[in-house]
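Q: This is the structure I have questions about; it appears just below.
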Amino acid sequence: MNPKQGMEPATPNFDVLYAIITGMTNSTPTLLIWLVQYRKYLDLVQQDLLEQAELVKAEINEALPDAELCWEDLERAAQNLKQ
């Protein structure tokens, strides 16, 4: 439930997103950016657009070390958003 509005959330993952936003650290925006790219990768795989998916995956893999993240961080974050 959205604590500010006192009603059900418009998005099913609002509670998770609210927890992320209220508990943000300096690295949270970076994680969210790469999580969006990871979800894009998963969507491409699901659509069987494997060549495009590999390009997105390569982009993610290249950037993760600079962001001090790993592929498992993205998988874990994506799984947490599903719950």
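Q: Add +1 for every Lys or Arg and -1 for every Asp or Glu among the other residues with Cβ under 15 Å from the Cβ of Y38, and state the total.
A: Numbers: positive: R39, K40, K57, R76, K82; negative: D43, E54, E59, E62, E72, D73, E75.
Around Y38, the surrounding residues sum to -2.
Q: Lys and Arg at +1, Asp and Glu at -1: add these up for the other residues within a Cβ distance under 14 Å of A63 and post the number. Intermediate results must be reported in sequence, preceding the final value.
A: Working: positive: K40, K57; negative: E59, E62, D66, E68, D73.
Neighbour charge sum, excluding A63 itself: -3.
Q: Accessible area of the range 27-75 with a 1.4 Å probe: how many percent of it is carbon plus sulfur? Could you put the intermediate results ahead of the total?
A: Values: 1680 of 3300 Å².
Using a 1.4 Å probe with all protein chains present, the range 27-75 comes out at 51 percent carbon and sulfur.
Q: Scan the range 28-83 for chymotrypsin sites (Phe, Trp or Tyr not before Pro) in coil per DSSP, keeping those whose Cβ has at most 11 other Cβ atoms within 10 Å, and list them by number. Could you put the intermediate results ahead of the total?
A: Details: sites: W34, Y38, Y41, W71; in loops: none.
Of the chymotrypsin sites (Phe, Trp or Tyr not before Pro), not one in the loops of the range 28-83 has a Cβ with at most 11 other Cβ atoms within 10 Å.
Q: Next question, about the same structure. Calculate, in nm to one decimal, what V36 and E54 gain on full extension: separation in residues at 0.36 nm each, minus their alpha carbon distance.
A: Values: separation 18, 0.36 × 18 = 6.48 nm, distance 1.54 nm.
Value of the extension gain: 4.9 nm.
The values are calculated or read from the model by the stated rules, or taken from the named source; none is laboratory data. All figures in this text were calculated on a predicted structure; none of them were measured in a lab. So basically every Cβ, Gly included, is an ideal-geometry build from the backbone, and we count neighbours across all protein chains shown. Side chains included, ligands, DNA and RNA excluded: accessible areas come from the protein's heavy atoms. Shrake-Rupley method; radii C 1.70, N 1.55, O 1.52, S 1.80 Å.
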